[in-house]
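The values are calculated or read from the model by the stated rules, or taken from the named source; none is laboratory data. Keep in mind the model is a prediction, meaning the values are calculated, not measured. For neighbour counting, all protein chains shown are included, and Cβ atoms are generated from backbone atoms with ideal geometry for every residue, glycine included.
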Amino acid sequence: MLNRRAAREDGFTLVELIITIAIMGVVMSALVGIVFQYLRNSNETSTRLTESTDQQFVSAYWQRDVSSLGVHDVPSAGAIPNSQGIWLGSAPGCSPASGTPIVMFKWNDYKNVSATDANVAWSGASQNMATYYTKSAANSNGTSQTQLWRMRCGDNSSDIVLARYLVGDPVVGCFTATNTPTDCAGATPFPATVEMTITVQDRSQSVHDSTGYSNLLLTAERRQG
């Protein structure tokens, strides 16, 4: 009976327990490291995706609006003069209810695209405006970031957010065909290209220091004129 009882009471010795706990600690440390690395990579991938989406969205609208800018006035006779169609800051006719206006574009569309006479083509053309402006908003972890919005006035009016993760306000500059800086509101010469510099960085994640687009330059050419 004593021998059978001793067999039932077999177990680990203290040394075996210490060795087992030590091995489990090493294994758990490795697993925890793998998990943290996975989470970090996942957060960084998500952050880079949101930042990339912001810059691509802004770039697409910027290219389209700059290429369209320019208001054509129809004279009674002779050539069609071309007015500026760009303002820095706020401008009449398309001002947001809140936020900080950055730049506004104005253009018109052909009323009769099949007309061979310029006066007929531009006469009664609808005018459209687009104002880029910024707002301050909190991201998912409560950090305040700059959002870039685009308000369109005229045909198909809209007010949409283009980017949610900017750092500071965009900076806009105008240049001539020879790449010489010029006054955006000047009439001679009209800007050939318009540039906007933005910094995109999603600060809602702890890995934001390793991501982002710093001083990203968006350049677009004016097509009308």
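Residues checked against (1) surrounded by fewer than 14 Cβ atoms within 10 Å (Cβ to Cβ); (2) at pLDDT 60 or above:
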residue	(1), (2)
GLU9	yes, no
PHE12	yes, yes
GLY33	yes, yes
ASN41	yes, no
VAL58	no, yes
ALA79	yes, no
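Yes or no, residue by residue, for (1) farther than 19 Å from ARG64 by Cα; (2) among the β-branched types (Val, Ile, Thr); (3) at pLDDT 85 or above; (4) out of contact with any Lys or Arg (no Cβ under 9 Å at 6 or more places or on another chain):
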site: ALA187; (1), (2), (3), (4): yes, no, no, yes
site: VAL194; (1), (2), (3), (4): no, yes, yes, no
site: THR199; (1), (2), (3), (4): yes, yes, yes, yes
site: VAL207; (1), (2), (3), (4): yes, yes, no, no
site: SER210; (1), (2), (3), (4): yes, no, no, yes
site: THR219; (1), (2), (3), (4): no, yes, yes, yes
site: GLN224; (1), (2), (3), (4): no, no, no, yes
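Scanning the range 149-182 for residues that are of a type in the set (A, V, I, L, M, F, W, C) and either farther than 15 Å from VAL194 by Cβ or touching a His at 6+ places or on another chain (Cβ under 8 Å) (or both) yields TRP149, MET151, CYS153, ILE160, VAL161, LEU162, ALA163, LEU166, VAL167. When the criteria are applied in full, ASN139 fails the requirement of being touching a helix residue (DSSP H, G or I) at 6+ places or on another chain (Cβ under 6 Å), of a type outside the set (A, V, I, L, M, F, W, C) and either surrounded by 14 or more Cβ atoms within 10 Å (Cβ to Cβ) or at pLDDT below 80 (or both).
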